[in-house]
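K.L.:
One structure coming up, written as structure tokens, with questions to follow.
The values are calculated or read from the model by the stated rules, or taken from the named source; none is laboratory data. Just so it is clear, the structure is predicted and the values come from calculations on it, not from any experiment. Note that each Cβ is placed from the backbone with ideal geometry, even for glycine, and that neighbours are counted across all protein chains shown.
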Amino acid sequence: MTARSFGEIAFGVVRGKATRAFQPVRRNSYYAHDRRATALWRPLASNKQKAREQIALRMKAAEFYDRHHKEAGKRNGPLGHVALEVLRELYRLVDYKTGRLDPAIATICEAIKRSKQAVVDALKRLKDHGFLDWVRRSEPIDDAEGAGPRVRQISNAYGFSLPKYAAAWVARKSGKGPAPDCELARAAATAAEFETMLDQTPLAELGRVLFSNPGLEEVFSRFGEAVAQKERESTGHEETVPEVN
């Protein structure tokens, strides 16, 4: 073994020990300037008003998801009220123009007055159900006394997401998605009932059915009576008034 190779091995061991012993870093952590550390950041909207509307819809979708998937007899849904509080706080902190979101856990705890464990558990539930994701980040520390650069953990980079069920709900409410089959079926049934009602309603009474405005109702009723009169004349069933001697 050469002196160089021995030196490289020794340096690597020392550096590794220094990193692990003094600055523990989680696995799969990326430096803050690494593109992989910011890949989750996406702009929410082009302006503040639209961002607020989008955030409001997404929060309602999360609440709807939590209620819809709540098991009978359970106090909370799969997210729970703490996770909804955390999600709401993250939406408050996000830069809507860039999507940047990297608060410390302590910042979230302080804002919603919850313990660290409660917030950590809530973040995990949000991730497990598809409402949030994150990337661990780290940064190097220049230390003249050590054998080489050390690394320390910094706050995660967070990114929002939506599970398929909630995404479809947001798209519908935004007017960007089709109605679900149940709503389409309900709309079709309503239309069929209305059509049947119109078929069974005399023309002279359609104004009362279709219009709440008294003026329009009267006009439509007169029109219906006129049409009915023409139909009677064309079929030879016009009513005759008996002559009085």
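K.L.:
Can you find a residue that is modelled with pLDDT of 90 or more and either of a type in the set (S, T, N, Q) or touching a strand residue (DSSP E or B) at 6+ places or on another chain (Cβ under 8 Å) (or both) anywhere in segment 161-181?
P.N.:
Checking segment 161-181: at least one residue is modelled with pLDDT of 90 or more and either of a type in the set (S, T, N, Q) or touching a strand residue (DSSP E or B) at 6+ places or on another chain (Cβ under 8 Å) (or both).
K.L.:
Here's something else I'd like to know. Tell me, which helices (runs of 4 or more DSSP H) lie completely within segment 23-126 with 3 or more residues that are over 30 Å from VAL151 (Cβ atoms)?
P.N.:
48-68, 81-93
K.L.:
Right, something else. Starting from segment 63-78, keep only residues that are over 17 Å from LYS127 (Cβ atoms) and surrounded by 12 or more Cβ atoms within 10 Å (Cβ to Cβ), then list their pairs with residues that are at pLDDT below 90 and of a type in the set (Ser, Thr, Tyr) whose Cβ atoms are within a distance under 8 Å, requiring at least 6 positions of separation or different chains.
P.N.:
These pairs meet every condition: HIS68/TYR165.
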